[in-house]
Amino acid sequence: SRAIKTNQDLLPETPWTHIFYNDFWGTLLTHSGSHKSYRPLCTLSFRINHAVGGMDPWGYHLVNVLLHAAVTGLFTNFSRILFGDGYWTLIAGLLFASHPIHTEAVAGIVGRADIGACLFFLLSLMCYVKHCSTRGSSPSTWGWILGAGLCAGCSMLWKEQGVTVLAISAVYDIFVFHRLKMHQIIPALYKRKNLTLFFSIGLLTSWGTALLGVRLYWMGNKPPSFSNSDNPAADSDSFLTRTLTFFYLPTKNLWLLLCPDTLSFDWSMDAVPLLKAVSDWRNLHTVAFYAGLLLLAYSSLKGSSNERECNGKTVMNGKQNANGHSCHSEMEYKTLEVKSSFASKEENGIKKHEVQKLQLPSTENIVILSLSLLIVPFVPATNLFFYVGFVIAERVLYLPSMGFCLLVTVGVRALYVKAQKRFLKNLVFCSTAALIVFYGLKTVVRNGDWQNEEMLYRSGIKVNPAKAWGNLGNVLKSQSKISEAESAYRNALYYRSNMADMLYNLGLLLQENSRFSEALHYYKLAIGSRPTLACKYFN
């Protein structure tokens with residue numbers, strides 16, 4: 001409603017330049033009540049939708065689906081750089097296309113901000129990949145890095161986390177393109193041939209700093225303020241509670257990516273109970289999550305133990321690369337053939353697949369990039385630098401899910417390659433296919449929940465009963481189902497008795513049905529809960 005139906009920035013009589021001074025909901029950025037969500041390109045896309053089709057939702061949904069299709073195509077194309085032409089690239093693309101966590105971003109119109117940011121995120125990354133491949137050999141290389149910077153800026157103007165693509169580009173350059181390990185980065189600083197690498201990294205850093213500086217200045221250098229129900233942990237007086245809860249939330253988000261069986265339109269209030277003590281068993285999940293993450297990152301950054309120096313150049317398993325970077329041996333090239341397309345034996349007159357000539361990144365390099373894609377775009381939502389207005393938001397996982405899909409793919413590929421028996425290889429392949437099918441089926445089912453408001457709110461009762469029942473009460477009231485609406489309001493208050501809006505809504509419902517004494521009771525309770533809401537005094 002706020003982003004489209006009542007947003008004045010979408011109307012033709014409103015100057016289109018207002019979009020660049022207002023937040024996502026049409027409120028002036030410097031206003032004290034502004035949400036500070038500066039997404040002018042997304043709002044501009046809504047305005048174009050409104051100009052073409054008015055308030056008909058069909059056109060808005062069509063654009064969202066087309067954007068998701070475009071993002072999926074770009075992500076699959078980027079996966080080819082990591083996995084080559086073959087089934088592994090297809091698997092990564094199918095995982096991304098079908099993942100249920102994307103339903104909110106694609107089926108919910110306001111989720112377009114995440115899809116648009118991801119589109120330009122990938123365009124920026126692909127431009128930087130071209131810059132890396134042409135650096136030192138073509139004048140067009142600086143055109144590519146300029147394109148990467150402009151697309152990064154556009155990604156940020158779709159949604160704030162889009163600016164993190166600059167950090168991902170740096171990770172790609174260092175760990176994938178140059179194949180450096182952690183212990184090689186410092187010595188690389190002293191080599192003249194790496195000057196272009198560090199010049200590119202310097203440009204990325206400078207541009208990222210400039211974008212963030214302008215963004216903070218434009219919103220008035222003040223963070224937004226949120227109600228305590230939006231992010232209860234941020235409002236807690238206990239440092240221990242805030243710390244334990246904020247450390248736990250990324251674990252919960254990863255579980256939603258891994259096993260998206262329970263999804264909700266809203267995770268605020270008490271949907272995720274606060275962790276108030278060290279003895280809370282959920283802390284075990286937190287410890288396991290960070291231990292696994294650190295172990296995976298350390299093993300990938302450390303690199304292979306059989307690396308050695310030969311003629312002053314880095315060598316892996318006895319085979320030297322002409323540009324001085326680590327290189328695969330003949331055996332590893334054979335492995336790459338298997339990795340890029342399932343071992344194709346000569347059967348029924350079909351010839352073997354030709355061994356790929358181009359060298360692909362090692363598993364460790366892909367893991368580093370995948371972890372970066374999973375973690376870095378999610379950092380703005382962790383409450384690490386500033387408090388956010390939600391506990392968990394499934395749409396925020398649209399960008400990080402790319403890293404998750406790459407991690408799953410590279411993990412499955414490693415299992416497939418290491419499996420000695422044909423039965424085990426088939427088992428890995430069938431399990432992966434089953435995962436994609438189940439993700440797709442869950443996405444279809446979840447799309448049904450987003451068919452209308454009533455179904456959406458009913459689907460959220462299990463996760464966030466107070467918010468879901470309250471919103472459902474509003475819908476039922478609009479349908480003139482008065483007794484059902486009253487029951488829904490009372491259910492909401494059963495789970496959270498101090499919700500001022502819900503107390504007011506119930507009082508209003510009772511007043512409209514001439515139950516004045518009951519209405520007065522709930523108005524007074526609402527005033528006690530939030531004394532600043534004027535309409536309660538008026539009624």
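Defining a contact as two alpha carbons under 8 Å apart and six or more residues distant in sequence, what relative contact order in percent does the chain show?
Computed value for the chain: 15 percent relative contact order.
With a 1.4 Å probe and all protein chains in place, put 527, 366 in order of accessible area, largest first.
Values: 527 45, 366 0 Å².
Most to least solvent-accessible, the answer reads 527, 366.
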Check: Counting only the heavy atoms of the protein chains, how much of residue 497 is accessible to a 1.4 Å probe, in Å² to the nearest 10?
Finding: 90
Item checked: Relative contact order of the stretch 85-193, defined on C-alpha pairs under 8 angstrom at six or more residues apart (%) -> 23
Item checked: Gyration tensor (alpha-carbon) shape descriptor, the stretch 453-538, a/c threshold 1.5 -> oblate
Note to self: What is the percent carbon and sulfur in the accessible area of the stretch 453-538, measuring with a 1.4 Å probe over the protein chains and ignoring ligands?
What the structure shows: 54
Check: So what's the angle, to the nearest 10 degrees on a 0 to 90 scale, between helix 112-134 and the longest Cα principal axis of the chain?
Finding: 20
Margin query: Can you classify the stretch 1-125 as rounded, prolate or oblate using the Cα gyration tensor, where a ≥ b ≥ c are the square roots of its eigenvalues, rounded means a/c under 1.5, and otherwise it's prolate if a/b beats b/c and oblate if not?
Written below: prolate
Notebook entry, point to check: Taking only DSSP H segments of four or more residues, each worth -39500 (n - 2.57), what value at 222 nm results for the chain once the sum is divided by all its residues, to the nearest 500 deg cm²/dmol?
Noted result: -19000 deg cm²/dmol
Item checked: the stretch 453-538: relative contact order in percent, alpha carbon pairs under 8 Å with at least 6 residues between -> 20
Next item on the list: Pairs to check: 130/418; 442/462; 36/524; 130/193; 5/467. Give those whose C-alpha atoms are more than 24 Å from each other in this structure.
Entry: 130/418; 36/524
Checklist line | Column: log10 I(q)/I(0), Debye, Cα scatterers of the chain, q = 0.11, 0.12, 0.13 Å⁻¹ | finding: -1.09, -1.26, -1.44
Note to self: Compute the distance from the alpha-carbon center of the stretch 427-498 to that of the stretch 377-413, in whole Å.
What the structure shows: 23
Check: Between residue 30 and residue 236, what is the FRET efficiency for a Förster distance of 30 Å, r being their Cβ-Cβ separation, to the nearest 0.05?
Finding: 0.55
Checklist line | Pair residue 14, residue 497: separation of 7 Å Cα→Cβ label points (nm) | finding: 4.1
Margin query: Using square roots of five times the C-alpha gyration tensor eigenvalues, list the equivalent-ellipsoid semi-axes of the stretch 58-182 in whole Å, biggest first.
Written below: 27, 18, 12
Margin query: Given a 1.4 Å probe and heavy atoms of the protein chains only, how would you sort 516, 177, 120, largest accessible area at the top?
Written below: 516, 177, 120
Checklist line | Whole-Å distance, taken between Cα centres, linking the stretch 47-126 and the stretch 136-161 | finding: 19
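Can you give the charge dipole size of the stretch 453-538 about its Cα centre, rounded to the nearest 20 debye, using +1 on the beta carbon of Lys and Arg and -1 on the beta carbon of Asp and Glu?
For the stretch 453-538, the charge dipole is close to 240 debye.
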Next item on the list: Go through 515, 39 and list them by solvent-accessible area, largest first, probe radius 1.4 Å.
Entry: 515, 39
Item checked: Accessible area of residue 85 in the full protein assembly, 1.4 Å probe (Å², nearest 10) -> 90
Check: Between residue 28 and residues 5 or more places away or on another chain, which pairs have amide H atoms under 5 Å apart, with H built 1.01 Å from N, and which residues are they?
Finding: 23
Check: Tell me, what is the 1.4 Å probe accessible area of residue 158, in Å² to the nearest 10?
Finding: 20
Note to self: Quick check for you: with a 1.4 Å probe and neighbouring chains kept, what is the accessible area per residue of the chain, in Å²?
What the structure shows: 49
Margin query: How large a share of the accessible area of the stretch 54-159, in percent, is made up of carbon and sulfur atoms when the probe is 1.4 Å and the other protein chains stay in place?
Written below: 76
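By how many nm would the segment from residue 532 to residue 437 grow when fully extended, if each residue of separation counts as 0.36 nm and the alpha-carbon distance is taken off?
29.1 nm
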Check: In nm, what is the difference between 0.36 nm times the number of residues separating residue 133 and residue 285 and their Cα-Cα distance?
Finding: 50.6 nm
Item checked: Stretch gain in nm, segment residue 262-residue 453, where the contour uses 0.36 nm per residue and the Cα spacing is subtracted -> 67.0 nm
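The values are calculated or read from the model by the stated rules, or taken from the named source; none is laboratory data. Model, not experiment: these values are computed from the prediction. All Cβ positions, even for glycine, are placed from backbone atoms using ideal geometry, and neighbour counts span all protein chains on display. The protein model used for the area step is the full one, side chains on, heavy atoms only, and it has no ligands, DNA or RNA in it. Shrake-Rupley method; radii C 1.70, N 1.55, O 1.52, S 1.80 Å.
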